[in-house]
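Just below is one structure, and these are the notes that go with it.
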Amino acid sequence: MPLNRRSAGVLAHITSLPGPYGMGDFGPGAYRFVDWLASAQQSVWQWLPTTPIGPGNSPYQSGSAFAGSPLMVALEPLVQRGWLAEPVLPGGGFPAERVDFGLAVPWRLRQLRLAAAGFSARATPLDHADFATWCDTHADWLDDYALFMALEVAHAGQPWWTWNSGLRQRSSQAIVAASQKFADEVFFCKFVQWCFDTQARALKAYANGLGISILGDVPIFIAHHSADCWARPDLYFLDAMFQPTVVAGCPPDSMAPEGQRWGNPLYRWDRMAAEDFGWWTARMRRALHLADVLRIDHFRGFAGYYEIPASCANAVQGRWVSGPGQAVFDAMQRALGEVPIVAEDLGVITPDVEQLRDRCRFAGMKILQFAFDGDPSNGFLPHNYGKNCVAYTGTHDNNTVRGWWQSASTREQAFAVRYLGCVPNALPRAMMHALCNSVANTVIFPLQDVLGLDGAHRMNTPGSVGGTNWAWRCESTMLDPETAKTLRRLTAASGRGLLQTLNLPKG
């Protein structure tokens with residue numbers, strides 16, 4: 001995905017796609033969505049993180065920075081290979097308009113266990129050889145992840161710092177014994193990751209073949225209960241009992257008087273620097289295996305991050321600490337070459353963050369919903385954009401445009417309709433039109449805004465856990481040819497379509 005030319009795309013998470021098995025996955029529904037994007041002449045498909053979900057079903061609190069989500073593994077290819085019988089849906093099936101995680105997650109995991117057993121019993125020698133080769137190729141992260149997950153199952157989900165001292169401290173004797181004792185579960189975890197990787201790569205290749213690039217998402221922090229923290233606790237600020245001494249968050253503001261205490265352990269950047277940031281290089285190499293461009297969430301943390309004492313229940317007593325700066329990205333470039341990155345530079349942004357972004361020549365982000373405070377110099381207004389940015393109507397953390405309108409102040413509403421020259425009902429299309437006509441190299445529209453949906457369809461509400469967060473799904477009837485045609489005309493007219501075909505009347 002060239003970030004230096006005019007392009008347009010759609011933000012839609014894999015799990016939000018239509019499909020028969022409770023949530024979207026890498027199956028036929030994803031391929032139909034790629035075809036729909038191509039018919040709309042879109043050249044970018046943006047995903048949220050594809051790592052395993054964590055507490056609250058969030059893809060931003062994962063148990064691994066390297067592994068793929070088992071929930072995204074499509075079942076149809078497993079049936080076709082003869083490893084899985086045609087799945088029988090639970091009584092009543094699954095809702096089409098949302099993910100019922102409580103129902104879908106255990107059901108899908110059962111199907112994957114049946115498929116793993118079918119693979120062991122019926123796979124061809126070539127299949128077994130391919131699996132073994134893949135496991136060897138990815139052993140640097142896969143072995144730790146698979147054993148971590150096997151141990152989590154054996155300990156009924158208890159966090160790794162409560163395991164016996166040999167496993168907590170990863171003594172070689174304990175690791176070898178556990179690998180042998182839980183070999184079946186380790187195999188299952190590796191099998192699921194092989195399926196994920198094979199399917200994700202195939203979908204990416206299909207999209208690339210139609211001129212569509214994948215824009216992936218890399219959260220800056222990892223979860224405390226994760227294979228990453230267990231495998232390398234020395235890279236984080238942990239005490240002798242493996243508890244964080246400081247955690248991540250953001251400072252108090254008008255929206256959150258006590259700030260936000262995210263709770264992620266913080267990196268020991270000095271130790272990472274001593275290893276030439278090898279962990280980060282490996283993480284980005286893995287992410288680029290599955291995507292063409294990477295959005296780094298909370299980019300400002302590389303310039304400076306907010307450190308909160310772990311003993312504090314909120315973020316009031318935190319402080320700003322300098323991050324690694326350009327050194328980590330220089331290390332990535334030495335190892336990987338030019339890494340295409342979109343810097344999520346939203347929130348409390350200081351000059352050092354902008355300087356780091358610009359020195360690295362990364363694209364920043366613009367959110368149109370933030371633009372309408374009445375100040376013509378507002379940097380989120382399209383006439384103030386520079387070329388090297390990715391502009392959005394909103395992101396997964398914003399309301400839909402229609403939902404935003406319902407909660408916007410009278411002042412914001414008045415300025416929005418004046419600036420966009422539209423009536424309120426036409427706001428989603430008018431916002432998309434304004435972004436398309438800006439100089440921003442890339443514009444991305446959440447699928448909900450393309451479809452003109454209201455706030456009941458938003459993906460996530462920051463600061464809240466559970467509920468409808470991460471559960472929205474697009475129904476198959478929504479992806480109709482007329483909507484694709486409208487999107488195609490909008491982007492082509494501003495020089496962003498794949499083919500730039502305007503289909504204007506002659507004469």
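Please go through the stretch 68-103 and pick out each residue that is farther than 14 Å from Gln199 by Cβ and surrounded by 22 or more Cβ atoms within 10 Å (Cβ to Cβ).
Within the stretch 68-103, just Val99 meets the criteria.
Please state which one of Arg110, Arg98 is in contact (Cβ under 8 Å) with a residue 24 or more places away in the chain and of a type in the set (Lys, Arg).
The unique qualifying residue is Arg98.
Quick one: how many residues across the stretch 349-371 are part of a loop (DSSP other than H, G, I, E, B), loosely packed, with under 15 Cβ neighbours inside 10 Å and either free of Cβ contacts under 8 Å to residues at least 40 places away in the same chain or among the charged types (D, E, K, R) (or both)?
Adding up the residues that qualify gives 1.
Quick one: in the stretch 448-486, of everything that is of a type outside the set (Gly, Ala, Ser), farther than 24 Å from Ala40 by Cβ and buried (at least 17 other Cβ atoms within 10 Å of the Cβ), which residue is farthest from the chain's Cα centre (by Cα)?
Per the stated criteria, the residue is Asn469.
Has the stretch 106-117 got any residue that is within 18 Å of the chain's Cα centre (by Cα) and crowded, with 20+ Cβ neighbours inside 10 Å?
No, there is no match, as no residue in the stretch 106-117 is within 18 Å of the chain's Cα centre (by Cα) and crowded, with 20+ Cβ neighbours inside 10 Å.
Does Ala256 satisfy the criteria of being surrounded by fewer than 22 Cβ atoms within 10 Å (Cβ to Cβ) and under 20 Å from the mean Cα position of the chain (by Cα)?
Against the criterion (surrounded by fewer than 22 Cβ atoms within 10 Å (Cβ to Cβ) and under 20 Å from the mean Cα position of the chain (by Cα)), Ala256 does not qualify.
Quick check: is even one residue across the stretch 178-187 out of contact with any Gly (no Cβ under 9 Å at 6 or more places or on another chain) and buried (at least 22 other Cβ atoms within 10 Å of the Cβ)?
Scanning the stretch 178-187, I find at least one residue that is out of contact with any Gly (no Cβ under 9 Å at 6 or more places or on another chain) and buried (at least 22 other Cβ atoms within 10 Å of the Cβ), so the answer is yes.
Given the conditions (1) basic (Lys, Arg); (2) surrounded by 22 or more Cβ atoms within 10 Å (Cβ to Cβ); (3) closer than 29 Å to Tyr392 by Cβ, and given that Lys190 satisfies all but one, which numbered condition is not satisfied?
(3)
Any chance the stretch 18-34 includes a residue that's in contact (Cβ under 8 Å) with a residue 24 or more places away in the chain, of a type in the set (Lys, Arg), under 22 Å from Asp449 (Cα atoms) and not in a strand (DSSP E or B)?
Yes, there is a match, as at least one residue in the stretch 18-34 is in contact (Cβ under 8 Å) with a residue 24 or more places away in the chain, of a type in the set (Lys, Arg), under 22 Å from Asp449 (Cα atoms) and not in a strand (DSSP E or B).
For the stretch 298-314: of the residues being touching a residue at least 12 places away in the same chain (Cβ under 8 Å) and surrounded by fewer than 17 Cβ atoms within 10 Å (Cβ to Cβ), which is farthest from Ser254 (Cα to Cα)?
Ranking the candidates gives Pro309 first.
So, in the stretch 315-339, how many residues would count as being assigned to a loop (DSSP other than H, G, I, E, B), within 26 Å of the chain's Cα centre (by Cα) and either modelled with pLDDT of 95 or more or surrounded by 18 or more Cβ atoms within 10 Å (Cβ to Cβ) (or both)?
The total comes to 6.
Please name all residue pairs, on different chains or six or more residues apart, with Cβ atoms under 6 Å, provided the first residue is in the stretch 212-233 and is acidic (Asp, Glu) and the second residue is part of a strand (DSSP E or B) and buried (at least 22 other Cβ atoms within 10 Å of the Cβ).
Final answer for the pair search is Asp217/Arg295.
Output the residues belonging to the stretch 228-269 that are under 17 Å from Pro309 (Cα atoms) and basic (Lys, Arg).
Passing the criteria: Arg261, Arg268.
When you check Pro257 against the structure, is it of a type outside the set (Ser, Thr, Tyr) and without any contact (Cβ under 8 Å) to a residue 24 or more places away in the chain, yes or no?
Answer is yes for this residue.
So, restricting to helices (runs of 4 or more DSSP H) that lie completely within the stretch 76-194, which ones have at least 3 residues that are closer than 26 Å to Gly27 by Cα and touching a helix residue (DSSP H, G or I) at 6+ places or on another chain (Cβ under 8 Å)?
The qualifying helices (runs of 4 or more DSSP H) are 76-80, 101-122, 125-137, 139-154.
Is at least one residue of the stretch 122-137 under 28 Å from the mean Cα position of the chain (by Cα), under 29 Å from Thr162 (Cβ atoms) and surrounded by fewer than 19 Cβ atoms within 10 Å (Cβ to Cβ)?
So far as the stretch 122-137 goes, yes, one or more of its residues are under 28 Å from the mean Cα position of the chain (by Cα), under 29 Å from Thr162 (Cβ atoms) and surrounded by fewer than 19 Cβ atoms within 10 Å (Cβ to Cβ).
Can you spot a residue in the stretch 372-384 that is under 20 Å from His298 (Cα atoms), in a loop (DSSP other than H, G, I, E, B), in contact with a helix residue (DSSP H, G or I) (Cβ under 8 Å, 6 or more places away or on another chain) and of a type outside the set (A, V, I, L, M)?
Yes, the stretch 372-384 contains at least one residue that is under 20 Å from His298 (Cα atoms), in a loop (DSSP other than H, G, I, E, B), in contact with a helix residue (DSSP H, G or I) (Cβ under 8 Å, 6 or more places away or on another chain) and of a type outside the set (A, V, I, L, M).
Does Ala456 satisfy the condition of being touching a helix residue (DSSP H, G or I) at 6+ places or on another chain (Cβ under 9 Å), at pLDDT 95 or above and part of a loop (DSSP other than H, G, I, E, B)?
No.
The values are calculated or read from the model by the stated rules, or taken from the named source; none is laboratory data. Here the structure is a predicted model, which is why all the values come from computation and not from measurement. Here Cβ is always computed from backbone atoms with ideal geometry, including for glycine, and neighbour counts include all displayed protein chains.
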